[in-house]
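Input: a single structure, listed below in structure tokens.
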Amino acid sequence: MFIDVGGWFALPTSLSRSLVSSAIGSRRVDLINDPVGRSLRLFSIPIALSFIINMIYSLVDRYYVSRLGDAAIAAIGSTDQIVFFLFTLVSGIAVGAGIIVARRFGEGDAHGAQRTATQSLVGMAIMAGSANVLFYVFLPLIPEVMRMPPDVATFGRDYLQTLLLGFTFNLLNFHIFSLSRSSGNAMFPTTVLVTTVILNAMIAPFLIFGIGPFPEMGMKGAGLATALSQISGTVISLVAIAKGKTNLRLDFSQFRLDADLLLRVVKQGLPASLQMLSVSINRAFIFSMVGAFGTSATAAYTLGLNVDMMVFMTVFAVGIAVQTAAGQNLGAGKPARVWEYFRSAALQLTVLMISLAAVVWLLGREFVSAYTNSGATIEAATQYLHITVFGYVFFAVGLVAVRVISGAGASMLAMTITAGTLIGVQLPLCYILSHATDLGPTGIWIGLVVGYGIFCSIAYVVLRRGRWMRAAI
């Protein structure tokens with residue numbers, strides 16, 4: 001007996017039951033009453049693991065696709081930028097819904113949390129589906145817009161044709177995970193992600209290379225394997241919710257779209273999308289600046305950025321934790337605990353960032369050397385790491401401060417701080433220090449650190465003023 005999944009893939013019923021059971025075998029962390037330091041760690045660790053799993057997700061595709069040649073690797077890298085851009089624009093509704101649900105949980109308003117979850121999930125399905133249709137309409141133009149060489153363009157079209165089958169489901173997964181974390185359950189998303197990564201790794205080689213009875217699909221097989229795993233993840237999540245095995249409850253009885261509620265969700269989520277978009281814009285301009293100094297500088301920034309992202313995974317996880325804690329505790333009328341969460345997160349991350357900075361300083365050259373034999377690139381990347389590690393603490397504390405502000409419902413203020421600092425301060429600094437002096441790319445590395453310092457200072461000053469606590473949700 002089989003369960004049909006979107007008409008594309010079938011899971012044996014016994015396997016489906018086991019996956020759902022493993023996904024729901026987690027408990028809620030009480031961010032309102034449990035000790036602050038302990039609950040922060042318990043909530044953050046599964047989120048950090050989910051980020052690592054997402055990295056593995058992309059590495060699996062790249063590993064198999066690399067067997068098809070350099071053009072295939074270039075295609076998956078280029079198309080991922082387009083998918084990420086569209087994902088960023090639409091995914092803000094999930095962040096906005098999560099902020100509101102966290103506040104309702106803190107207020108003890110289970111019905112309000114349930115209603116927000118149901119309405120926002122339907123809204124996400126409509127928005128994601130519409131975006132998916134538009135994506136397919138403009139699919140033939142994407143390689144031209146990205147200026148892909150002919151061989152890369154062919155691979156890119158093949159990959160996107162099947163990958164987009166799972167795009168809507170990927171956004172629904174992201175939305176469900178945001179709602180789950182906002183209710184205090186961070187382990188559920190992690191378990192579902194583990195399941196989908198395993199499914200993707202199992203399916204991909206059969207579809208790409210035509211193993212056994214399967215046809216050889218090449219890049220189409222890579223995209224289809226990812227899409228099928230995303231569809232399966234959505235099915236597992238919805239089954240778990242329907243069986244009442246998570247903190248979430250969805251109610252479709254007498255359902256009607258509530259335009260006012262969806263507007264509030266979008267109002268909270270749009271700044272989050274713009275905030276993520278500002279990070280992408282900042283990074284694109286930094287790459288453009290670095291590119292003026294040659295291939296070695298560009299490769300050095302790419303490798304150094306990879307190290308930074310691995311280090312910052314914990315920062316992002318703790319940021320989500322304090323954002324959720326801020327929403328729940330303000331809803332529960334416990335503003336003092338919000339400050340305790342900020343202080344605990346800032347202290348723990350400071351210790352961790354100093355420790356990781358020391359590791360990167362000492363072992364950064366060895367990491368870079370594992371990816372390139374170019375002496376110029378190794379020297380430039382090592383210099384990047386030896387400079388930018390001094391910005392780790394500033395970035396961590398600044399991000400936690402901004403997440404507390406957004407968790408309180410002041411999403412526009414949080415976006416203004418982030419986008420204003422990254423685009424309005426850090427980018428000009430990097431340009432001036434690299435192009436108006438003799439520092440060259442070193443000026444960009446210094447500008448990044450100084451920018452993080454200013455970001456941290458502004459975020460902390462705004463946080464201390466406390467006006468964000470009066471935001472209405």
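The values are calculated or read from the model by the stated rules, or taken from the named source; none is laboratory data. Keep in mind that this is a model prediction, so the values were computed, not measured. Here Cβ is always computed from backbone atoms with ideal geometry, including for glycine, and neighbour counts include all displayed protein chains.
With in the same structural domain as Ile73 (by TED's automatic domain parsing), touching a strand residue (DSSP E or B) at 6+ places or on another chain (Cβ under 7 Å) and either modelled with pLDDT of 90 or more or surrounded by fewer than 18 Cβ atoms within 10 Å (Cβ to Cβ) (or both) as the only criterion, which of Val239, Val235 stands out?
Val235
Residue-by-condition table, conditions (1) surrounded by 18 or more Cβ atoms within 10 Å (Cβ to Cβ); (2) touching a Pro at 6+ places or on another chain (Cβ under 8 Å); (3) under 30 Å from Gly440 (Cβ atoms); (4) not hydrophobic (A, V, I, L, M, F, W, C):
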residue: Tyr341; (1), (2), (3), (4): yes, no, no, yes
residue: Ile354; (1), (2), (3), (4): no, no, yes, no
residue: Ala357; (1), (2), (3), (4): yes, no, yes, no
residue: Leu362; (1), (2), (3), (4): no, no, yes, no
residue: Ile405; (1), (2), (3), (4): yes, no, no, no
residue: Gly409; (1), (2), (3), (4): yes, no, no, yes
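Residue by residue through segment 266-316, note down the ones that are surrounded by 15 or more Cβ atoms within 10 Å (Cβ to Cβ), part of a helix (DSSP H, G or I) and small (Gly, Ala, Ser).
Answer for segment 266-316, where residues must be surrounded by 15 or more Cβ atoms within 10 Å (Cβ to Cβ), part of a helix (DSSP H, G or I) and small (Gly, Ala, Ser): Gly269, Ala272, Ser273, Ser278, Ser296, Ala297, Ala299, Ala300, Gly304.
With the structure loaded, tell me whether Arg264 is among the charged types (D, E, K, R), farther than 30 Å from Thr416 by Cα and at pLDDT 90 or above or whether it fails that test.
No.
Report, by residue number, each residue of segment 132-183 that is out of contact with any helix residue (DSSP H, G or I) (no Cβ under 7 Å at 6 or more places or on another chain) and of a type in the set (Asp, Glu).
Glu144
Counting only residues that are surrounded by 18 or more Cβ atoms within 10 Å (Cβ to Cβ), out of contact with any Leu (no Cβ under 6 Å at 6 or more places or on another chain) and within 18 Å of Thr302 (Cα to Cα), how many does segment 435-471 have?
6
Assess whether Thr195 counts as being within 25 Å of Ser130 (Cβ to Cβ), surrounded by fewer than 23 Cβ atoms within 10 Å (Cβ to Cβ) and of a type in the set (Ser, Thr, Tyr).
When the stated conditions are applied, Thr195 does not pass them.
Of the numbered conditions (1) surrounded by fewer than 22 Cβ atoms within 10 Å (Cβ to Cβ); (2) under 24 Å from Ala75 (Cβ atoms); (3) not hydrophobic (A, V, I, L, M, F, W, C), Arg249 satisfies every one except a single condition; which is it?
Result: Arg249 passes all but (2).
Please go through segment 172-187 and pick out each residue that is over 16 Å from Gln119 (Cβ atoms) and assigned to a helix (DSSP H, G or I).
Step one: filter segment 172-187 for residues over 16 Å from Gln119 (Cβ atoms), giving 173-174, 177, 180-181, 184-187.
The answer is Asn173, Phe174, Phe177, Ser180, Arg181, Met187.
Looking at (1) under 16 Å from the mean Cα position of the chain (by Cα); (2) within 24 Å of Ala201 (Cβ to Cβ); (3) not small (Gly, Ala, Ser), which is the one condition that is false for Tyr64?
Here Tyr64 meets the rest and fails (1).
Rundown of residues vs (1) among the polar types (S, T, N, Q); (2) out of contact with any His (no Cβ under 9 Å at 6 or more places or on another chain); (3) part of a helix (DSSP H, G or I); (4) surrounded by fewer than 18 Cβ atoms within 10 Å (Cβ to Cβ), yes/no style:
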{"site": "Gly98", "(1), (2), (3), (4)": "no, no, yes, no"}
{"site": "Ala102", "(1), (2), (3), (4)": "no, yes, yes, no"}
{"site": "His111", "(1), (2), (3), (4)": "no, yes, yes, yes"}
{"site": "Leu121", "(1), (2), (3), (4)": "no, no, yes, no"}
{"site": "Ile126", "(1), (2), (3), (4)": "no, yes, yes, yes"}
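When you look at Met217, is it in the same structural domain as Asn170 (by TED's automatic domain parsing), at pLDDT 90 or above, surrounded by fewer than 22 Cβ atoms within 10 Å (Cβ to Cβ) and assigned to a loop (DSSP other than H, G, I, E, B), yes or no?
Here the answer is yes, as Met217 does meet what is asked.
Which condition number in (1) farther than 21 Å from Thr226 by Cβ; (2) surrounded by 15 or more Cβ atoms within 10 Å (Cβ to Cβ) is the one that Val145 fails?
Just one mismatch for Val145, condition (2).
Before we move on, is Ile387 farther than 30 Å from Thr324 by Cα and at pLDDT 95 or above?
Here the answer is yes, as Ile387 does meet what is asked.
Within the bounds of segment 191-202, is there any residue that is at pLDDT 95 or above and touching a Gly at 6+ places or on another chain (Cβ under 6 Å)?
Within segment 191-202, not a single residue is at pLDDT 95 or above and touching a Gly at 6+ places or on another chain (Cβ under 6 Å).
Could you look through segment 458-473, keep only residues that are touching a residue at least 12 places away in the same chain (Cβ under 8 Å) and among the small types (Gly, Ala, Ser), and pick out the one that is nearest to Leu305 (Cα to Cα)?
Ala459
What are the pairs with Cβ atoms under 6 angstrom where one residue, in segment 60-82, is without any contact (Cβ under 8 Å) to a residue 40 or more places away in the chain and the other, located anywhere, is surrounded by 14 or more Cβ atoms within 10 Å (Cβ to Cβ)? Sequence gap at least six, or different chains.
Final answer for the pair search is Ser66/Ile73.
So, in segment 51-90, how many residues would count as being among the hydroxyl-bearing types (Ser, Thr, Tyr) and closer than 15 Å to Ala225 by Cα?
Selection size over segment 51-90: 4.
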